[in-house]
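Right, one structure below, let's go through it.
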Amino acid sequence: MREFAYTRATDVDTAVALVADNPGARYLGGGTNLVDLMKLGVERPELLVDVTGLPLDEVVDDGGTLRVGALVRNSDLAAHPLVRARYPALSQAVLAGASGQLRNVATTGGNLLQRTRCLYFTDPAKPCNKRRPGSGCPAIRGEHHNLAILGASAHCVATHPSDLAVALAALDARVLVHDLAGPREVPLDDFYRPVDDRPDLELTVPDGALVTGVALPPLPMAAGSRYRKVRERASYAFAVASVAAALDVAGGRVRDVRIALGAVASRPWRARVAERTLAGEPATEAAFAAAAEAELDAARPLRDNAYKVPLVRDLVVGVLRDMAGGPP
Amino acid sequence: MPQLSSTVRLVVNGTAYDLEVDNRTTLLDALRERLNLTGAKKGCDHGQCGACTVLLDGRRVDSCLLFAVAVDGRSVTTVEGLAPGDELHPMQAAFLAHDAFQCGYCTPGQICSAIGVLDEAAAGWPSAVSDGTAVLDEDEIRERMSGNLCRCGAYPQIVAAVAEVWRG
């Protein structure tokens, strides 16, 4: 591991000034991804600015909007009574990821910023356009069975590994960021850049921007929201596909719906085509399937991950059907 | 010249230690290499196996993924600090009674993790297999302990040991 200097941030403005001016600086939160990437040689910061002492570790009800500090640990987020009551999909998503030890350390903000687990990205000996722009993408013809089917490009087929962010995408969350210009809020759906020809550029906010929290707007139907994840072992594994959804049915018809997909794209994938297709339709399995298929029209599977297309379809149908049928 | 090392205070098993550490030193390496507390094990060194699990301010964590400098001033309990004197912690006794290990390499991490699990369950924390109101049955213990691998495959005995301590 490369040697690095370490400093503790005492306030947000100072932290942002330190990191924004230094391309070799990184914020250190829980570190469960960053420390690992430093061990692997993928990240080689010369300065770590530890932000864990900043007062960003509370969950606050702000007139119906739930504001979650960036430093709220995954365990505390998943166990929080207001999260469990209003946004159960978020609690379920957090609990579906990582291990108890990791959730005790990993933060809400860090979760959004974690990097892909694509094998080529995590191995500095391999080419990777995300890690070394222009070096190529061996995954497209190589090991890609758990990589993207939606929104990828000829330059990168990596997936975003988060569960938490998928729930946030479905719940219309906003990301609170602080850069040199000050604080602002970005819809989670606009927080991640499309892949195109620069997969190394992952975010729409400037380098050195600090994520200070997320805001969950009031969404009454989210009280029945759900998260379902498929993985290759029963626990402690990244998704091969996941879905977060909320559904409002009145008189047998879909009045409103939110759907986001995980492990299918470089970002949490808000399934807006499916949502539009379903609006006003009967809340039937056939309509759910048609909506999922409409979204998946855009899927461009690779040699070894075409299995994800029917898997995602069935996941979406299953979760919507369960929600339409009331509590299990 | 940037400062590449730091002075940290770690309170380990109730004793305070002041150490000068290279900033790259993980909590695990500080415990093992500097304080000679070799109970916590280095298995994968990437947070995937749980052999390095210790309690940090009472919460179970993977000590391989924390820089020592980042836990300056905090309290750490390792497997060596669970038992006052010669009397075993109930979880240690249960692991012995149930033969919950073969080679023993993962055992210190399993025991620290299991103690964390019991505290989390008592606090009503939910898990992926329940809403948090359930008792710690086999499904719960297996889910909550999934961050600790045992390559000898002593899982049935580990589950039995944890369940026994939970029942009290």
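The values are calculated or read from the model by the stated rules, or taken from the named source; none is laboratory data. Quick caveat, the model's predicted, so the values are computed rather than measured. Positions of Cβ are generated from backbone atoms using ideal geometry, with glycine treated the same way; all protein chains shown enter the neighbour counts.
Numerical summary
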| read-out | value |
| --- | --- |
| Pair list, Cβ < 7 Å and 6+ apart or interchain, from the stretch A:183-195 residues that are closer than 12 Å to A:T212 by Cα and assigned to a strand (DSSP E or B) to residues that are among the basic types (K, R) and at pLDDT 95 or above | A:E185/A:R174; A:V186/A:R174 |
| Lone qualifier among B:D119, B:D137 - being surrounded by fewer than 20 Cβ atoms within 10 Å (Cβ to Cβ), of a type in the set (D, E) and in contact with a helix residue (DSSP H, G or I) (Cβ under 9 Å, 6 or more places away or on another chain) | B:D137 |
| Those residues of the stretch B:93-109 which are in a helix (DSSP H, G or I), under 17 Å from B:T53 (Cα atoms) and touching a helix residue (DSSP H, G or I) at 6+ places or on another chain (Cβ under 6 Å), in sequence order | B:F95, B:P108 |
| Neighbours by Cβ (under 9 Å, 6+ apart or cross-chain): first from the stretch A:1-12, more than 8 Å from chain B (Cβ to nearest Cβ); second of a type in the set (S, T, Y) and outside any loop (DSSP other than H, G, I, E, B) | A:A9/A:Y27; A:V12/A:T212 |
| Residue within the stretch A:66-84 that is assigned to a helix (DSSP H, G or I), more than 10 Å from chain B (Cβ to nearest Cβ) and over 30 Å from A:D172 (Cβ atoms) present | no |
| Enumeration of residues in the stretch A:94-124 that are part of a helix (DSSP H, G or I), more than 10 Å from chain B (Cβ to nearest Cβ) and touching a helix residue (DSSP H, G or I) at 6+ places or on another chain (Cβ under 7 Å) | A:T108, A:N111, A:L112 |
| Subset of the stretch B:98-125 (residues that are within 11 Å of chain A (Cβ to nearest Cβ) and either of a type in the set (S, T, N, Q) or within 18 Å of B:V61 (Cα to Cα) (or both)) | B:G109, B:C112, B:S113, B:A114, B:G116, B:V117, B:D119, B:E120, B:A121, B:A123, B:W125 |
| Selection from the stretch A:50-65 of residues that are of a type in the set (A, V, I, L, M) and over 17 Å from A:L168 (Cα atoms) | A:V51, A:L54, A:L56 |
| The lone exception for A:P81 - which of (1) without any contact (Cβ under 8 Å) to a residue 24 or more places away in the chain; (2) crowded, with 22+ Cβ neighbours inside 10 Å; (3) not aliphatic (A, V, I, L, M) it fails | (2) |
| Which listed residue is part of a helix (DSSP H, G or I), more than 23 Å from A:M221 (Cβ to Cβ) and not aromatic (F, W, Y), from A:L302, A:L315, A:L311, A:L320 | A:L311 |
| Some residue of the stretch B:92-104 being assigned by TED's automatic domain parsing to the domain that holds B:I158 and among the charged types (D, E, K, R) | yes |
| Conditions (1) of a type in the set (D, E); (2) within 14 Å of chain B (Cβ to nearest Cβ); (3) touching a residue at least 12 places away in the same chain (Cβ under 8 Å); number of the one not met by A:D36 | (3) |
| Failed condition for B:T133, given (1) within 12 Å of chain A (Cβ to nearest Cβ); (2) assigned to a helix (DSSP H, G or I) | (2) |
| Among residues of the stretch B:57-69, those that are surrounded by fewer than 23 Cβ atoms within 10 Å (Cβ to Cβ) and free of Cβ contacts under 8 Å to residues at least 40 places away in the same chain, counted | 1 |
| Search result, residues across the stretch B:19-38 that are in a helix (DSSP H, G or I) and β-branched (V, I, T) | none |
| Residue within the stretch A:216-230 that is among the hydrophobic types (A, V, I, L, M, F, W, C), over 22 Å from A:R115 (Cα atoms) and modelled with pLDDT under 95 present | no |
| Those residues of the stretch A:13-33 which are surrounded by fewer than 16 Cβ atoms within 10 Å (Cβ to Cβ) and away from chain B (no Cβ under 12 Å), in sequence order | A:D13, A:T14, A:A17, A:D21, A:P23 |
| Within the stretch B:9-53, tally of residues that are among the hydroxyl-bearing types (S, T, Y) and surrounded by fewer than 19 Cβ atoms within 10 Å (Cβ to Cβ) | 3 |
| Subset of the stretch B:39-85 [part of a strand (DSSP E or B) and at the interface with chain A (Cβ under 9 Å from one of its Cβ atoms)] | B:T53, B:L56, B:R59, B:R60, B:V61, B:D62, B:F67 |
